[in-house]
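The values are calculated or read from the model by the stated rules, or taken from the named source; none is laboratory data. Predicted model, so just to flag it, every value in this text is computed and none were measured. For neighbour counting, all protein chains shown are included, and Cβ atoms are generated from backbone atoms with ideal geometry for every residue, glycine included.
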């Protein structure tokens, strides 16, 4: 996926989950943060960030914070809507006959249902922005919804269930459960894998204005 109207800025602080203060050309501005996770290791004072224009003149904030350069130089896309876009782009290269987003199954709305011949697949997508020691971790904030979706996948009948981690940073090829942050999600992940849910990792190439899958999952 590619953004339009992207500009650089410097991160100042984050007063709440939804907004941040940044410096654009020497001027302090309030922008929207497109990720409700904690991002504590990314959004630190002085960090180099990039903003995409919202394109909505009626909105209070004109810019969305989408990309951060982590200490050490790693580029990280933190747009929580980007993983589903990239996942759809990747799925379109995989030979499915049908790709249906936002698919209602059980008590959940899962990200994708796909069909190939007589086979049907269910997929949930998670974006990973947290890295430690060259390994990705998920989640970076507790997610009851995430555990619920994994249990739906684990109990799916008539479908081949999959979990796809879209890795929103360079050089990372594996994602593990973040037990310190959300032990319940980690338990659900272990149970899902034991029940036959296939876990896939989709590495990505990150630029200030784009997120593109870089390899086969």
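Observations, loosely collected:
- Criterion: surrounded by fewer than 21 Cβ atoms within 10 Å (Cβ to Cβ), modelled with pLDDT of 95 or more and out of contact with any helix residue (DSSP H, G or I) (no Cβ under 8 Å at 6 or more places or on another chain) - qualifying residue of 190, 184, 170: 190
- Residue within segment 134-149 that is surrounded by fewer than 18 Cβ atoms within 10 Å (Cβ to Cβ), within 24 Å of residue 66 (Cα to Cα) and in contact with a strand residue (DSSP E or B) (Cβ under 7 Å, 6 or more places away or on another chain) present: yes
- Complete set of residues in segment 1-33 that are within 21 Å of the chain's Cα centre (by Cα) and buried (at least 18 other Cβ atoms within 10 Å of the Cβ): 1, 3, 6, 11, 14, 20, 31, 32, 33
- Residue within segment 42-52 that is assigned to a loop (DSSP other than H, G, I, E, B), on the phi < 0 side of the Ramachandran plot and assigned by TED's automatic domain parsing to the domain that holds residue 168 present: no
- As a summary of the residue check, residue 58 satisfies the conditions (1) out of contact with any strand residue (DSSP E or B) (no Cβ under 6 Å at 6 or more places or on another chain); (2) assigned to a strand (DSSP E or B); (3) outside the structural domain of residue 189 (by TED's automatic domain parsing) except for the one numbered (2).
- For segment 72-98, the set of residues classified as buried (at least 17 other Cβ atoms within 10 Å of the Cβ) and part of a strand (DSSP E or B) consists of 75, 76, 77, listed by residue number.
- Hits in segment 181-210 (condition: over 22 Å from residue 94 (Cα atoms) and assigned to a strand (DSSP E or B)): 207
- Residues in segment 52-61 that are buried (at least 17 other Cβ atoms within 10 Å of the Cβ) and free of Cβ contacts under 8 Å to residues at least 12 places away in the same chain: there are none.
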